[in-house]
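Notes follow once the structure below has been shown.
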Amino acid sequence: MSGELQGAEPLVLLGAGKMGGAMLDGWLERGLDPRQVRVIDPHLDAARASELRSRGVLVASSDGDPAGSLPAKVLVLAVKPQTMAEALPAAAPLAGRQTIVISVAAGIRLSTLEAGFAPGQPVVRAMPNTPAQIGQGMTVAVPNAHVARGQRDLVDRLLAAVGAVAWADDEALIDAVTAVSGSGPAYVFLLAECLAEAGRQAGLPADLAAQLARQTVAGSGALLGGSALPPDELRRAVTSPNGTTAAALAVLMAEDGLQPLLTRAVAAARKRSIELG
Ligand SMILES: NC(=O)c1ccc[n+]([C@@H]2O[C@H](COP(=O)([O-])OP(=O)(O)OC[C@H]3O[C@@H](n4cnc5c(N)ncnc54)[C@H](OP(=O)(O)O)[C@@H]3O)[C@@H](O)[C@H]2O)c1
């Protein structure tokens, strides 16, 4: 039995792709007992399946051998949203009344998830992001009305295995969450692309411009992540009056600068999230 993740076993993971696989790695690193973990993913890469088996994880190629340690204490749904309708009927028999169901599927509502299980099933809808793959994710979780305090703490510890966790009680916030942290990594990657292109236009060789932009975004992200200071203070710390940074920031912080652009981008992502949901 694990320490940090005590009480999470037996755990069933349905869908062990990028996100499910990242969470699984985080849990196993934090001491989740592999013999109490069942992975169900009919399309799991053979090398990954045998690696997991060698660590003691029970890997089922279909919905699996129902014998043994069922019902699950925790059932994690990490299949693509478009596969959820097919996956839910297979998942339901794995859950008992006390099983806490966690879904990371974008756009799948709590009410849809609840309809797949018995009435009163505790369900948490979570929205992680891709830096979860290196343990640096940001996940926002929304519980349904049946999640008990202890179950919420357990889910918090599980999600914390791949990064920071915040809770929201209003499911409607998930669309804005998706627009900020869910899609956010793409905005940061675009920043690296645009900075490289701007460097190229300023006369740098393309390779050098790309290297400078990439390392500047990565290094600044690491600096921000490791600092207790808010970003505006870190920005001021590298801006001398009338210096080069101040000249650039006068453009970026103008009325038609980065803020209105990002505000519009986030609004567009939120609108699309509402449409897809
Ligand atoms: N990746 C992210 O950054 C991210 C961020 C936020 C939320 N999410 C959510 O995480 C979920 C998974 O995304 P992903 O990027 O990890 O996708 P993925 O890499 O495609 O992983 C999904 C896995 O589930 C398998 N699968 C399909 N049908 C199944 C079934 N009926 N039972 C069991 N397993 C099944 C898939 O196999 P096949 O590929 O052969 O179908 C695949 O291996 C999505 O709902 C997504 O919205 C992901």
Next on the checklist: Can you find a residue that is touching a helix residue (DSSP H, G or I) at 6+ places or on another chain (Cβ under 8 Å), without any contact (Cβ under 8 Å) to a residue 40 or more places away in the chain and among the charged types (D, E, K, R) anywhere in region 196-204?
Outcome noted: yes
Checklist entry - Does residue 107 fit the bill of being modelled with pLDDT under 95 and closer than 14 Å to residue 165 by Cα? => result no
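Yes or no, residue by residue, for (1) surrounded by 14 or more Cβ atoms within 10 Å (Cβ to Cβ); (2) at pLDDT below 95; (3) away from the ligand (no atom under 15 Å from the Cβ); (4) not charged (D, E, K, R):
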{"site": "6", "(1), (2), (3), (4)": "no, yes, yes, yes"}
{"site": "9", "(1), (2), (3), (4)": "yes, yes, yes, no"}
{"site": "13", "(1), (2), (3), (4)": "yes, no, no, yes"}
{"site": "26", "(1), (2), (3), (4)": "yes, yes, no, yes"}
{"site": "29", "(1), (2), (3), (4)": "no, yes, yes, no"}
{"site": "34", "(1), (2), (3), (4)": "yes, yes, yes, yes"}
{"site": "40", "(1), (2), (3), (4)": "yes, yes, no, yes"}
{"site": "44", "(1), (2), (3), (4)": "yes, yes, no, yes"}
{"site": "58", "(1), (2), (3), (4)": "yes, yes, no, yes"}
Next on the checklist: Take the residues in region 22-52 that are in a loop (DSSP other than H, G, I, E, B) and charged (D, E, K, R); name whichever of them is farthest from residue 160 (Cα to Cα).
Outcome noted: 45
Checklist entry - Taking region 84-112 as the search range and keeping residues that are assigned to a helix (DSSP H, G or I) and under 18 Å from the mean Cα position of the chain (by Cα), which one is nearest to the ligand (Cβ to nearest atom)? => result 84
Checklist entry - Cβ-Cβ below 7 Å, separation at least six or inter-chain, first residue in region 1-23 and touching a residue at least 24 places away in the same chain (Cβ under 8 Å) and charged (D, E, K, R), second more than 9 Å from the ligand (Cβ to nearest atom) and part of a helix (DSSP H, G or I): which pairs? => result 4/157; 9/36
Next on the checklist: Here is a check on your reading of the model: is residue 76 within 13 Å of the ligand (Cβ to nearest atom), modelled with pLDDT under 95 and part of a strand (DSSP E or B)?
Outcome noted: no
Checklist outcome for this item: Subset of region 204-220, residues surrounded by fewer than 16 Cβ atoms within 10 Å (Cβ to Cβ) and within 28 Å of the chain's Cα centre (by Cα), comes to 211, 212, 214, 215, 216, 218, 219
Item to check | Cross-chain or 6+ apart pairs with Cβ under 6 Å, region 76-94 first and touching a residue at least 60 places away in the same chain (Cβ under 8 Å), then more than 7 Å from the ligand (Cβ to nearest atom) and in a strand (DSSP E or B) | outcome: 76/13; 76/102; 77/103; 94/12; 94/72; 94/75
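The values are calculated or read from the model by the stated rules, or taken from the named source; none is laboratory data. A quick note: this is a predicted structure, and the numbers were derived from the prediction, not measured. Here Cβ is always computed from backbone atoms with ideal geometry, including for glycine, and neighbour counts include all displayed protein chains.
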